[in-house]
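The values are calculated or read from the model by the stated rules, or taken from the named source; none is laboratory data. The structure displayed is predicted, hence computed values, not measured ones. Positions of Cβ are generated from backbone atoms using ideal geometry, with glycine treated the same way; all protein chains shown enter the neighbour counts.
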């Protein structure tokens, strides 16, 4: 089974239902008044962590995820039903990026993480809301607002405390299988591990998550072999266990090849603390190779082990446990990079932007003004008047005048246009 860790999706939250115009007509209450109910809210699309999932395979064929629209309001002050939210379950470590703005809109990195990626539209108001002492029989209502739409890239970056790195078939899968309940494929040929495997390792009174990452080869940082797609899964590991096969011809060179790949890959992977594990010490040439390795790197602490029979692994695990106590979580984002990400700070959005398209044509854009436009029923005179008053309150006419808009110029808001009347002239 292929490991799916990057999926593009189109998301569409449900639209809010429209409010309606209705009046009570009861035998003993001829002046019952307005009774148009509100529209229901559209369903939102929410991403939520599910610890039973380890890949994005379920989303591979879901090119479009859509939530249902809210129902329209009904008479007798009955509200339309709001639609249920769509819950998209994803593995721990999932990132959701808006493809249009390149912003990271969700980083689901804790067990209880969930995020509203597309908010459903709000239901419109029924005419009973607009009853007043001046107007006992309002004949207008408001439309529901549209649900949010996004084109997103969903990407999985494994969350693990300890990552196992090394050339293919050095014993990483075997190590994980004997120290945890993980059951990765194990065989004596390259690239057995086609997807990262996670296992919970218990050491004394504490535990940590260990990831068996696919074997690297020289050139992995440039995309050769399986390395480029999976090196990124080490990014969140706080500690690396570098597994060497002491039965190979030149473990010193193997060690340097892997570290060179870690140096080349962005994300400061080479700077992560490492524990060096000399595996397969039962091989004929292992002792001699270990001697040569220690001569080349006399200051490195090297742990000897035979992972196949679980020999020599306890000192490695306790060393990892002790080191993790003092190691902080590594940030996923390099602060020196200009990568866009979500800043959780509320800022009042600009109500509109004005663009001069030439030849007396102007366009007004902005979330607030477009939301107002979509919430207006242009077949209803009162609704249009409220729309006009709201634009005036925003001082849109003043802003247009300052930009150079003249009397008789055409102003567009989405597909609606009106002639500018410069009352200041």
Identify, by number, the condition in (1) within 30 Å of residue 129 (Cα to Cα); (2) at pLDDT 95 or above that residue 24 doesn't meet.
(2)
How many residues does the range 267-302 hold that are more than 12 Å from residue 251 (Cα to Cα) and assigned to a helix (DSSP H, G or I)?
4
Picked from the range 125-153 (must be within 30 Å of the chain's Cα centre (by Cα) and in a loop (DSSP other than H, G, I, E, B)), the residue surrounded by the most Cβ atoms within 10 Å (Cβ to Cβ) is 144
When restricted to 273, 328, 298, the only residue surrounded by fewer than 19 Cβ atoms within 10 Å (Cβ to Cβ), touching a helix residue (DSSP H, G or I) at 6+ places or on another chain (Cβ under 9 Å) and more than 13 Å from residue 244 (Cβ to Cβ) is 273
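Residue by residue, here is whether (1) part of a loop (DSSP other than H, G, I, E, B); (2) outside the structural domain of residue 143 (by TED's automatic domain parsing); (3) under 20 Å from the mean Cα position of the chain (by Cα); (4) within 12 Å of residue 154 (Cβ to Cβ) holds:
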{"residue": "36", "(1), (2), (3), (4)": "yes, no, no, no"}
{"residue": "39", "(1), (2), (3), (4)": "yes, no, no, no"}
{"residue": "58", "(1), (2), (3), (4)": "no, no, yes, yes"}
{"residue": "65", "(1), (2), (3), (4)": "no, no, yes, yes"}
{"residue": "71", "(1), (2), (3), (4)": "yes, no, no, no"}
{"residue": "80", "(1), (2), (3), (4)": "yes, no, no, no"}
{"residue": "84", "(1), (2), (3), (4)": "yes, no, no, no"}
{"residue": "102", "(1), (2), (3), (4)": "yes, no, yes, no"}
Which of (1) within 19 Å of residue 167 (Cα to Cα); (2) modelled with pLDDT under 90; (3) crowded, with 20+ Cβ neighbours inside 10 Å; (4) out of contact with any helix residue (DSSP H, G or I) (no Cβ under 6 Å at 6 or more places or on another chain) is the odd one out, the single condition residue 236 does not satisfy?
(1)
